[in-house]
Ligand code: NAI
């Protein structure tokens, strides 16, 4: 087992079942100290219990690993981070602080906790919308925000947020969930930029697995076949010291591992375009031949500035529309 996590401390939210449980078990098996967070409620975000997190902690300890349970909802991220620091934090005694010795503070956050409240927009209630955003978006924000100062001080951090194919493509009956999962992509991509100079890497995971969340929408044979353990190796690598990607989306399911990237079509510069010009040029505007990968917003801003120059220099003196040229 070459990817080890000895001396590292991780928080895995929603680790009492499904995917999160497998991440916690795998990290602990590889030497990581793990905070197993789980509210222990039902899949719709109501009720709570300590039993789910406790069970996983027992499993980890029985296998010789180190773990502690936390039962707070992810919206109280500071309490979850406090559990990590109180149990696995920096050695605080005078002698060791003199030689500035660390046994680890908080190195890894896997934002995994999640619920579903599937319903069409017409029938969606405020509660359906708010609970989804509270758990997925506010939860990831609250845990990551509380962990950030520790990662920044030690100049080391590995953060994963969990999106979904619904967040990438949208899904019928999941406007709330898809919007929240999409929000998490922007969240991680922004953290990747803010964390770069502190060696804090943030990435997004798009998993597919059979779990109590998906058993409501997948047939039983698929739930059984799509083992959460197929996703675990990717997440484990994504939070390892040797992993150097940041601001990216990675996907896993059914034993397949891949990446999702945004490409921009070459489009077309049209000076002083009217709606009619847009309609006339629609096939060129939407042509994806020769599309290019845009990694960051500054690359995009640079392109826009170049296009502005191109647009201005190609403007016809009459002010009428011109065909212009394709994206450089
Ligand atoms: P799961 O229901 O088995 O696990 C989610 C865990 O989060 C549960 O143990 C639950 O008790 C916990 N949780 C819920 N609300 C919480 C809160 N407020 N605070 C702390 N813990 C809370 O579901 P699964 O499938 O393992 O999902 C894990 C993550 O992966 C979720 O974010 C989900 O949206 C995402 N996902 C899962 C997919 C799949 O195919 N299973 C597909 C796409 C995304």
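The values are calculated or read from the model by the stated rules, or taken from the named source; none is laboratory data. As the structure is a computational prediction, the values presented were derived from the model and not from experiment. FYI the Cβ positions are ideal-geometry reconstructions off the backbone, even for glycines, and counts take in every protein chain you see.
What the table shows:
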| quantity | calculated |
| --- | --- |
| Out of 209, 202, sole residue that is away from the ligand (no atom under 15 Å from the Cβ) and either in contact (Cβ under 8 Å) with a residue 60 or more places away in the chain or in the same structural domain as residue 115 (by TED's automatic domain parsing) (or both) | 202 |
| Any pair with Cβ under 6 angstrom, 6 or more apart, that starts in the range 117-144 at a residue that is more than 30 Å from residue 156 (Cα to Cα) and ends at one that is at pLDDT 95 or above and away from the ligand (no atom under 15 Å from the Cβ) | 128/119 |
| Some residue of the range 23-34 being under 25 Å from the mean Cα position of the chain (by Cα), over 21 Å from residue 232 (Cβ atoms) and assigned to a loop (DSSP other than H, G, I, E, B) | no |
| Qualifying residue in the range 63-73 (condition: over 19 Å from residue 149 (Cβ atoms), more than 10 Å from the ligand (Cβ to nearest atom), surrounded by fewer than 16 Cβ atoms within 10 Å (Cβ to Cβ) and at pLDDT below 95) | no |
| Failed condition for residue 6, given (1) at pLDDT 95 or above; (2) touching a helix residue (DSSP H, G or I) at 6+ places or on another chain (Cβ under 8 Å) | (2) |
| In the range 1-22, residue surrounded by the fewest Cβ atoms within 10 Å (Cβ to Cβ) [restricted to those that are farther than 16 Å from residue 233 by Cα and touching a residue at least 40 places away in the same chain (Cβ under 8 Å)] | 7 |
| Among residues of the range 196-220, those that are surrounded by fewer than 21 Cβ atoms within 10 Å (Cβ to Cβ) and farther than 26 Å from residue 17 by Cα, counted | 4 |
| Filter result (within 8 Å of the ligand (Cβ to nearest atom) and crowded, with 24+ Cβ neighbours inside 10 Å) within the range 23-51 | 37, 38, 39 |
| Wholly within the range 220-328, helices (runs of 4 or more DSSP H) carrying at least 2 residues that are modelled with pLDDT under 95 and closer than 25 Å to residue 209 by Cβ | 220-225 |
| Any pair with Cβ under 6 angstrom, 6 or more apart, that starts in the range 293-308 at a residue that is under 24 Å from residue 246 (Cα atoms) and ends at one that is assigned to a helix (DSSP H, G or I) | 294/300 |
| Condition check for residue 20: within 14 Å of the ligand (Cβ to nearest atom) and in a loop (DSSP other than H, G, I, E, B) | no |
